[in-house]
Structure formats: structure tokens, C-alpha cells
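The values are calculated or read from the model by the stated rules, or taken from the named source; none is laboratory data. Since the model is a prediction, treat every value here as computed from it, not as a measurement. For neighbour counting, all protein chains shown are included, and Cβ atoms are generated from backbone atoms with ideal geometry for every residue, glycine included.
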Ligand SMILES: [Zn+2]
């Protein structure tokens with residue numbers, strides 16, 4: 001039987017990443033273009049169309065048939081219609097968009113759309129750290145915190161496609177205001193942005209640019225950097241303890257630049273979480289780093305498209 005291919009597209013705040021995915025999780029022609037995040041939605045749609053067109057030509061050259069296209073985008077998505085409802089503060093005009101319809105009007109290929117964090121989690125679940133598991137929670141610590149929930153092998157989205165916003169769980173009831181309209185959300189304390197802000201607030205004359213720098217400074221004996229990391233671990237552990245007590249998953253996967261701090265960091269997070277979570281809920285939970293890096297969103301989009309495509313095929317038989 002021929003391997004089925006899909007085109008996976010991952011729309012992020014700065015770049016749109018893409019690649020042709022095999023069902024075994026191999027990527028061909030992986031690339032990225034800049035996201036016109038503040039431009040009118042038609043500009044983003046035009047970019048998507050160009051990208052699809054280029055990749056269909058590439059696939060043809062390589063004798064690959066693209067069965068379906070999967071797209072991950074920030075925001076809440078009605079996956080049955082491939083319709084982006086909204087909820088994307090960084091993308092000014094990127095809401096109320098019939099993404100699937102727009103692309104399918106031009107190309108005769110089924111298009112399936114979901115939230116980007118859901119598809120990152122799905123990528124790690126199918127091909128990455130969670131591939132032997134059934135119940136997995138994924139948190140991506142970056143500019144914000146994206147969350148994805150996989151229960152019994154299925155992405156959990158809530159009743160109206162707008163759940164799984166794990167970065168917006170309250171961990172400080174009177175805490176800092178958040179872009180989402182809430183207050184004291186996890187992402188205000190444990191995203192890369194929040195950790196960098198924490199350091200720079202106390203050391204404005206020598207500000208850091210990234211979390212990697214903070215970890216390096218801590219290794220060199222910088223007391224402030226150590227304190228900031230300690231606070232970060234404590235906040236993150238509070239969030240993970242909530243997740244553990246509510247979901248009791250088999251595994252929590254931490255992705256994004258912050259998790260590149262490696263196993264010693266994850267071990268500290270594990271220990272801090274162990275102190276907070278209910279022992280019986282926490283007992284068998286594994287906490288691990290993501291393994292696919294920035295390919296997770298592309299591969300997750302590809303796998304999601306393949307799954308939906310196969311389901312659609314069965315339904316029409
Ligand atoms: Zn929030």
C-alpha cells in the first residue's frame with residue numbers, strides 16, 4: 001500500500017511553518033515563511049494559498065500525492081467547519097475566518113483546521129514523547145503558554161472548541177492582569193516572557209533577552225537568576241499540580257524554548273510538583289520534555305489531517 005502524505009501547516013505569531021508529512025512522521029520540504037500577523041486576514045489567507053500551491057508542485061515533482069491538508073492556527077477553531085472563531089490577541093484581524101473553505105475553493109483537496117497548541121500536543125502524542133501513551137497533557141512554554149489535552153487518544157477541546165486553555169488557569173487569584181481578560185493566569189508567571197520580565201524587572205541595567213541566558217547566568221552563580229528560576233519552577237509546579245489533580249494523566253510533556261533547559265530542570269519541576277499535587281493523583285504521572293521541537297505543530301497538523309481524511313472516507317462508504 002502506498003504511504004499517504006499530507007501537508008502540515010503551523011501558523012505561529014512570527015512564522016508559518018510547513019512540511020509534507022508521511023504517515024510515519026517523516027517531513028519533506030520543511031520550511032517557514034514570515035507571518036503577516038497584524039495584516040488584514042486576506043493577506044494571511046493569500047500566504048497560505050501560495051504555500052499550498054508551492055508544496056503541491058513540490059509533491060508532484062517527488063511523486064507524492066497529498067491526500068489532505070492540516071492547519072494549526074492560534075485561536076478557537078470549529079474543526080467541523082475549519083472555521084477560526086477568534087481569541088488571538090496577537091493577530092489583530094485573524095478571526096471569523098473560513099480557512100478550510102477558502103483553501104478548498106481553490107484546491108481540490110480536503111483541508112482540516114484546529115488550534116495550534118492542540119496540534120502540537122497531537123504531534124508529540126503521535127510521533128514524539130507521548131507516542132506510547134493514551135492520556136497526555138502538553139504545555140508549550142513560549143511567548144505565552146499553549147496547552148493541549150489528549151484523552152484516550154483524542155484531542156479534548158471542550159464543548160464549543162474553546163477549552164484546553166491551560167496557560168490561562170488562575171494560579172494567583174489576585175495576580176497580574178492577563179491579555180485574556182483574566183488575572184493571575186499561569187502564563188503571566190511561567191511563560192518565557194514572564195520569566196524574562198521577572199529577571200529584567202530586578203536588573204533593568206543588564207536586561208536578558210532569553211530564558212537560556214537566565215539559566216546560563218544561574219550556572220555562573222548569579223543569585224538573581226537562581227531566584228528567578230526557583231520562582232518559575234514554583235509557579236510552573238503549581239500549574240502542573242492543578243493539571244495532575246484534575247486529569248491524572250499518564251504524562252505531561254513540556255515544550256517550547258524554556259524546556260530546553262533539559263533534564264535537571266525537568267527533575268526540579270517534578271519534585272516541586274510532587275510536593276503540591278495529591279499523592280495518589282501524582283503517583284504514576286511522568287513529566288518529560290518534548291522531543292519534536294518546532295516540528296511538533298507541522299507533524300501534528302499532518303497527522304490530524306490524515307486522521308480526519310480517513311474518517312471522512314469511512315463515513316462516505
Ligand atoms: Zn490569561
So residue 59, is it in contact (Cβ under 8 Å) with a residue 24 or more places away in the chain, over 20 Å from the mean Cα position of the chain (by Cα), part of a strand (DSSP E or B) and surrounded by fewer than 23 Cβ atoms within 10 Å (Cβ to Cβ): no
Do you know which of the residues in region 70-85 that are assigned to a loop (DSSP other than H, G, I, E, B) and touching a strand residue (DSSP E or B) at 6+ places or on another chain (Cβ under 6 Å) is surrounded by the most Cβ atoms within 10 Å (Cβ to Cβ)? 82
Within region 113-142, residues out of contact with any helix residue (DSSP H, G or I) (no Cβ under 8 Å at 6 or more places or on another chain) and within 16 Å of the ligand (Cβ to nearest atom) come out as 115, 117
Collect the residues in region 164-191 that are surrounded by fewer than 18 Cβ atoms within 10 Å (Cβ to Cβ), assigned to a loop (DSSP other than H, G, I, E, B) and more than 8 Å from the ligand (Cβ to nearest atom), keeping them in residue-number order. 172, 173, 174, 175, 176, 184
Say whether the condition of being under 23 Å from residue 284 (Cα atoms), crowded, with 24+ Cβ neighbours inside 10 Å and within 16 Å of the ligand (Cβ to nearest atom) is met by at least one residue in region 143-159. yes
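Between 283, 314, 263, which is at pLDDT 95 or above and surrounded by fewer than 23 Cβ atoms within 10 Å (Cβ to Cβ)?
On the way: 314 fails: at pLDDT 95 or above; 263 fails: at pLDDT 95 or above.
Answer to the selection: 283.
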Which condition breaks for residue 194 when tested against (1) in a helix (DSSP H, G or I); (2) closer than 21 Å to residue 25 by Cα; (3) within 16 Å of the ligand (Cβ to nearest atom); (4) in contact with a helix residue (DSSP H, G or I) (Cβ under 8 Å, 6 or more places away or on another chain)? (2)
Please work out which residue is nearest to the chain's Cα centre (by Cα), limiting yourself to region 219-243 and to residues that are farther than 25 Å from residue 277 by Cβ, free of Cβ contacts under 8 Å to residues at least 12 places away in the same chain and assigned to a helix (DSSP H, G or I). 219
